[in-house]
Amino acid sequence: MAKADVGLIGLAVMGQNLALNMASKGYTVAVWNRTAQRTERFVADKPHERIRPAYTLRDLVDLLDRPRRIMLMVQAGSAVDAILAELIPLLAPNDVVLDGGNSHFCDTIRRDAMLRGHGVHFIGAGISGGEEGALKGPSIMPGGDRTAWEIVSGLLTDIAAKVDDEPCCTYLGTDGAGHFVKMVHNGIEYANMQLIAEIYMLMKELLGLSASQMREVFQEWNRGELRSYLVEITAGILGVIDEHTGCPLIEMIADQAEQKGTGKWSIEAALDLGVPVPTMAEAVLARFISARKQERAAAAALLPGPESTRASGIDVNALGDALYVALICSYAQGFALMRQAAAQYRWDLDLGEVARIWRGGCIIRAGFLDRIREAYRQAPSLPNLLVDEYFRRRVSQRQTALRRTVVEATLRGLPVPGLASACAYYDSYRKEVLPANLIQAQRDFFGAHTYRRTDKDGVFHTDWKRAIGREES
């Protein structure tokens, strides 16, 4: 019997769909799951001539052609390390192990070094697109050494989504680059979802639109500059009627958003690297506060809101413009974070290529990613997306809508932390002089942390108590 082309470990839904995807592209796939019953059920329920079950790791390895290519689709964390501990003794030099889960990029850096010590290649690949993407073509973000990439590149580009006949997959850099990019993808995803949710709330609370009316607005937006996967599915969601109550299903869903942690990782990485990502941060915090449903319900009966009955001057066009500006700010934050990480970890990260492979298959795919790709193609060292001529012009034209939207929401007591943070980010980035001089003076006062001056070079310290006493006297 001919050897299999690739092995896949982990047969949860994503793993199953990736196996079927690879088989549909002509690859023979050996599959193994720690629970044998799941392997048996998968091959029984979804039989395919190119999928071969294995019931031990040794059997899986023996089924594979050399150099072996093995994809891990197991839960991030200790499960990956446990599988690697069992797998490594069975492998030979030049074999490739690919972790396709949502592993933390620091774990990937550590595992890459560990496997290199055994002569085995390691690829950390972020995979985005959910269950459907895994089956039909996801966006794939691989990082690792180039030799490993050359061994797996054909496979990964074959199973990836295609846009304009280009695969949504490319080599991103060494060790943890791929998983870092996927982590940032998820941070932007959190931000975008929060922004869209806030706009939904304002449509409902400020404009009094019904779910069906909101659906029409989102459908219209998806035919223009706001065209994206998240806008598209929002329109679809708003059109679904609950079969039990006859109400829009969205109105029957509890307002408590869960998370798996990748958004938080993005914030932690940004803090470590000193990169401002306020809209991502507010999106994560908004999920935290949404989870405190009982506290919020109690507070709603105790804490008064504004008494203003001022009529809203906002319409759906203004909300669309506000959403556009805020979304661009969220992408700008994500790309700035990747730019800093590339410098810190010495990854030769092409941000234009990141934008290109995000155009299809992934959750944050959007029409304006073509423009983001072009911005970084023209200026690879672009410090921030907001200063690109195309986006600078469009954000400038629409900034008033964002400002008015935040003001109206605040006057009505409607929380819009995502929109407000995007506005503050834009204003902070464009303001030449910030009030940080007072903060540094305070730090020097109580901690002798020193400061720099605007009129001459050097580091200075003031005896503030003595100076204040002199002025008072």
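Here L72, L63 are screened, and the one residue that is of a type outside the set (D, E, K, R), crowded, with 20+ Cβ neighbours inside 10 Å and within 19 Å of A125 (Cα to Cα) is L72. Restricting segment 1-13 to residues that are in contact with an Asp or Glu (Cβ under 9 Å, 6 or more places away or on another chain) and among the small types (G, A, S) leaves a set whose member that is most open to solvent (accessible area, probe 1.4 Å) is A2. Out of all the residues in segment 114-126, is one or more open to solvent by less than 40 Å² (accessible area, probe 1.4 Å) and touching a Lys or Arg at 6+ places or on another chain (Cβ under 7 Å)? There is at least one residue in segment 114-126 that is open to solvent by less than 40 Å² (accessible area, probe 1.4 Å) and touching a Lys or Arg at 6+ places or on another chain (Cβ under 7 Å). For G124, indicate whether it is on the phi < 0 side of the Ramachandran plot, touching a Ser or Thr at 6+ places or on another chain (Cβ under 6 Å) and at pLDDT 95 or above. Spelling it out, G124 is indeed on the phi < 0 side of the Ramachandran plot, touching a Ser or Thr at 6+ places or on another chain (Cβ under 6 Å) and at pLDDT 95 or above. Filtering segment 223-247 to residues that are open to solvent by less than 30 Å² (accessible area, probe 1.4 Å) and over 27 Å from the mean Cα position of the chain (by Cα) leaves only D242.
Here G263 passes the criteria (1) more than 22 Å from S228 (Cα to Cα); (2) surrounded by 12 or more Cβ atoms within 10 Å (Cβ to Cβ); (3) of a type outside the set (S, T, N, Q); (4) at pLDDT below 95 except the one numbered (1).
Would you pick out the residues in segment 14-34 that are open to solvent by 70 Å² or more (accessible area, probe 1.4 Å) and farther than 19 Å from V97 by Cβ? Passing the criteria: S24, K25. Of the candidates R403, R393, R365, the single residue that is over 30 Å from G137 (Cα atoms), in contact with a helix residue (DSSP H, G or I) (Cβ under 7 Å, 6 or more places away or on another chain) and not polar (S, T, N, Q) is R403. Checked against the criterion of being among the small types (G, A, S), closer than 19 Å to V184 by Cα, crowded, with 24+ Cβ neighbours inside 10 Å and modelled with pLDDT of 95 or more, the candidates G100, G129 yield just one match: G100. The set of residues from segment 267-298 being more than 19 Å from K182 (Cα to Cα) and open to solvent by 70 Å² or more (accessible area, probe 1.4 Å) comprises L285, F288, I289, R292, K293, Q294, E295, R296.
Total residues in segment 415-441 satisfying the condition of being open to solvent by 90 Å² or more (accessible area, probe 1.4 Å) and more than 34 Å from the chain's Cα centre (by Cα): the figure is 1. Annotation note: Cβ proximity below 7 Å between a residue of segment 199-222 that is within 16 Å of D321 (Cβ to Cβ) and open to solvent by 20 Å² or more (accessible area, probe 1.4 Å) and a residue that is assigned to a helix (DSSP H, G or I) and not hydrophobic (A, V, I, L, M, F, W, C) (sequence gap 6+ or interchain) occurs for L206/E408; W221/G320; N222/E232.
The values are calculated or read from the model by the stated rules, or taken from the named source; none is laboratory data. Quick caveat: nothing in here was measured; it's all calculated off a predicted structure. We place every Cβ from the backbone using ideal geometry, glycine too, and count neighbours over all the protein chains shown. Accessible surface is based on the protein model in full, side chains and every heavy atom, while ligands, DNA and RNA are left aside. Shrake-Rupley method; radii C 1.70, N 1.55, O 1.52, S 1.80 Å.
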